[in-house]
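What follows draws every value from the coordinates through simple rules; no lab data is involved. Only a predicted model underlies this, so the values are computations on that prediction, with no experimental measurement involved. For neighbour counting, all protein chains shown are included, and Cβ atoms are generated from backbone atoms with ideal geometry for every residue, glycine included.
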Amino acid sequence: MPVGLRILPTLARRSPVVVGAAVLLLSHSAAAAGIAIRYQAPEGCGTQDDFEAGVSRIVGRPISELHSAWASADVSIEPSADGFRLRVRVVSDHTSPRERNLAVTSCREALEAAELIVATNLSAPPPEPEPEPASKPKPEPANARPRANGPRLTIEDRPTKPGAQGAQQADPTQLRAGAPPHVLLGARFGLEPLLAPAPVALGWGMLGLEVQRIRLELTAGASSHSSKAVAGGGAVVHSWLAAGLVGCYSGPGSVGAAFQLWLCVGAEGGRFRATGESGMNLLNAHRDDSFWSAALVQGELLARLARGWSLAIGAQGVAALRSVQVTESNPQTGETIKLYSTPWVSVRPWLGLDWRF
């Protein structure tokens with residue numbers, strides 16, 4: 001005999017009111033404790049104790065103190081092709097069962113969803129059955145949902161498509177307000193095949209600022225020398241010195257990945273220098289500088305290495321805003337001879353190394 005029932009005879013001799021209160025309390029406790037919880041899940045998805053503790057934490061009291069009109073709650077978590085399938089079914093004493101089916105991507109999501117669904121239903125009393133009218137009621141559809149007497153928090157069990165759950169979560173590749181910027185230092189080595197009379201090597205340094213998918217790059221560099229012979233003796237040596245600024249963008253899904261593709265646009269400006277070297281036919285040799293400017297379109301692929309280092313490979317399209325012409329003047333005849341002019345369009349392949357901190 002339970003301890004509570006053994007003390008009833010003693011209490012009965014004391015006061016009938018105490019007996020009535022004790023019986024009511026024991027009956028309520030027995031009914032409340034009658035909520036049957038059945039939990040089935042793969043190993044690693046939490047135990048039934050974990051589940052019941054989560055439900056109690058949400059409602060703020062033990063499951064045994066929830067409304068006694070609920071009879072049972074069944075929770076089932078099963079692996080599926082896209083992750084896991086969650087099924088929750090709650091049954092009361094006098095209404096139709098309520099069932100939720102969800103597709104989730106992880107055990108943790110399945111356990112948390114089950115805790116919330118069960119806590120939402122069991123923390124409120126089930127809807128009272130509607131009284132039968134005197135006349136024959138109009139038949140309701142078999143899948144009609146029971147109507148509640150008052151406001152109730154419900155969870156919409158709309159199945160999620162594969163990948164939809166991950167799309168709803170915060171994407172670490174999206175722009176975030178207040179994300180810290182990163183400073184970049186880089187070195188570039190490339191080839192300029194068309195700017196001078198013969199292909200020349202290029203070298204430039206890069207200082208950048210990166211915030212998520214946006215990057216600004218400030219560059220400064222120079223070219224090696226290229227010579228063009230003058231008929232009859234002598235030569236003209238060409239060189240290039242310029243600074244540039246480009247803005248770059250990297251698409252979603254690339255930030256933090258092993259490889260990043262950046263697309264950039266910008267401009268550069270500097271000096272195109274021609275220096276004469278005396279010979280038999282070039283007697284009035286001197287140096288002349290001309291302003292150089294061009295629009296830039298750039299693509300670069302970064303392969304992340306260890307400790308903030310990245311290997312970079314890219315190509316830079318150059319559209320000159322003005323052409324530079326190199327001429328020779330004959331002091332005896334006054335004739336001007338065109339020796340060379342820079343092209344309007346060029347492409348520079350390059351290879352580099354970046355340090356991001």
Using a Förster distance of 56 Å, the FRET efficiency for residue 49-residue 321 (Cβ separation, nearest 0.05): 0.15
Residue 80 versus residue 277: modelled label distance in nm, points set 7 Å from Cα along the beta carbon direction: 7.6 nm
At 0.36 nm per residue, and after removing the present C-alpha to C-alpha distance, how many nm does the segment from residue 261 to residue 293 gain when stretched out fully? 8.9 nm
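If you take the beta carbon distance between residue 301 and residue 116 as r and set R0 to 41 Å, what does 1/(1 + (r/R0)^6) give as a FRET efficiency, to the nearest 0.05?
0.40
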The distance between the Cα centres of the range 331-357 and the range 99-124, in whole Å, is 67 Å
Full-stretch length increase - residue 249, residue 344 - with 0.36 nm per residue and alpha-carbon distance subtracted: 31.6 nm
